[in-house]
1. Using Cα springs under 10 Å in a Gaussian network model of the chain, which residue among Thr220, Thr73, Thr327 shows the largest mean-square fluctuation?
2. How about Lys175: which aspartates and glutamates have a C-alpha closer than 13 Å to its C-alpha, ignoring those fewer than 8 places off in the same chain?
3. Tell me what the chain gives for mean residue ellipticity at 222 nm when only DSSP H runs of n ≥ 4 count, each as -39,500 (n - 2.57), the sum divided by the residue total, rounded to 500 deg cm²/dmol.
4. So which helices of the chain fit the span-like rule, where a helix is a whole DSSP H run, its Cα atoms reach 24 Å or more along the axis, and its mean Kyte-Doolittle is at least -1.0?
5. Taking 0.36 nm per residue of sequence separation and subtracting the Cα-Cα distance, how much length would be gained by fully extending the chain between Gln342 and Leu60, in nm to one decimal?
6. Long-range amide H contacts for Gly141: which residues qualify at under 5 Å (H placed 1.01 Å from N, peptide plane, sequence gap of 5 or more or a different chain)?
7. Across the chain, how large is the tail of the calculated P(r) beyond 33 Å, expressed as a percent of all Cα pairs?
8. Straight-line reach from Lys200: which lysines fall under 17 Å, measuring Cα to Cα and dropping same-chain residues less than 8 apart?
Amino acid sequence: MNVLGVESSCDETGVAWVAAHGDEPPRLLAQALHSQAAMHRDFGGVVPELASRDHIRRVLPLVRQVVADVGQTLHDLDAIAYTRGPGLAGALLVGAACASGLAAALQRPVYGVHHLEGHLLSPFLSHDPPQFPFVALLVSGGHTQLMRVDEVGRYTLLGESIDDAAGEAFDKSAKVLGLPYPGGPALSRLADFGDDTVFKLPRPLLHSGDLEFSFAGLKTAVATQARKLGPNVCEQDRAHLAAATQAAIVEVLVHKSLAALAATGLSRLVVAGGVSANSRLREQLDARCAARRVRVHYPELALCGDNGAMIALAAAMRLQRGIATPTHGYAFDVAPRWPLDQLAPAAAG
Ligand code: KG4
Ligand code: ZN
C-alpha cells in the first residue's frame, strides 16, 4: 500500500510517500518540505493569507519531487491523505484541494488526517518505534497536551494547557529577547550560552496536583525581567534569561509527564510536536525516565516539526487497522478547530 501525505496546516508545506505492506511498520520512502519561516520573519509570526498563497505555489512542485524521488508514478499510489485540521482554514484548504484533486483524478480514496494524530504517531517512523499503550506529551506551537494512547484512534486527554502552548511560550519569550521567528530553536541555541540559575522564573501549575499547564504567566515574567534589564542588556544576560526560560518550561513539561505516567501506571512515554526537538527537554526526560525505568520515544529530528510524512503515516496506520474512512465525494473537507480526543476511532478524518 502506497500513501501520499500532504501537510499544509500552518507555515510548512510538506509532502511525503509512505509504503506499508501487510501489517509491517510503514516506511517513509521520500519526503519534501518547504518552510515559510523566512517569509513570515519580517512580521514576527505567521500571516495566514501569505501562508495560504505560498502553500498554493509550493504544493504541486513538492508532490512532483517526492514522486520522482521514489521513482514510481502517481498511479502507483493507493491513497492520498491530507491534514484536515486543526490549523489555519485557508492553509488547510490548499492541502485538502490538492489531495482531493489528485485523488479524484487517480480514482483513489482521500483521507483527512488529524494533525496532532500525525505528530503523536510520528515516532513510529523512528529507529526506535514505541509500542502501545503509552502516554503522549504533545508539544507544538498551538498545543500542549498529555494523552493516554491505547491504540491508533484511542486517545484520552489527561491534561492540557489552559492558555498558551509550550511552543508559544518559547516563541513569545524569544520575541521579548529580540530573537527572530520562529523563536523556539533560536531561544534554545541562545540558552546554551547561559546559566539557568541567574534569573528566577515561575514554574506555573507545577504543584497543582493535576495535569493542566499554563504558560501565559511565564511569558509575562520573562517580559518583566527583560524590562528590568533594559534595552542595553548585554549578550550574557540575554543568554542567562533564555536559559532560565527554557529551564522553567522544560521543568513543568517533565514534571507533568512523570505525573501522567504515575497516574496511568504506564511505562512508556512518547514526546512529539515541534518542541520535542528541544535538546534540554530530551536530556531531562531521558534522565528522569531512565531512573523510573520508563522508555521514552521521540520522532527523528527531521520529523519533529510539521511534515507530510506523519500525515501519510497516520493514514497508513489507520488503513492497516481497517479504521480509516475516506472523505465522501472528494469534498474539500477541513476542520480548523478539531479536538483530538473527539476523533472517533473509526474515522480517519
Ligand atoms: O509542531 P510544530 O512544528 O507546529 C505546530 O503544529 O504548531 O511546532 C512548532 C513549535 C514552535 O513554537 C517552535 O518554536 C517550537 O515548536 N520549536 C522548538 C524547537 N524547535 C521547534 N521549541 C523549543 N526548542 C526547539 N528546539
Ligand atoms: Zn504541528
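1. Maximum among the listed residues: Thr73.
2. Asp42
3. Rounded to the nearest 500, it is -13000 deg cm²/dmol.
4. Membrane-span-like by this criterion, though nothing is claimed about a membrane: 48-70, 89-106, 235-264.
5. In short, 98.4 nm is gained.
6. Counting only residues 5 or more places away or on other chains, the set is Gly274.
7. Summing the P(r) tail past 33 Å for the chain gives 27 percent.
8. List returned: Lys219, Lys228.
Laboratory data are not the source of any read-out in this text; all were calculated from the coordinates shown. Computed from a predicted structure; not experimentally measured. Note that each Cβ is placed from the backbone with ideal geometry, even for glycine, and that neighbours are counted across all protein chains shown.
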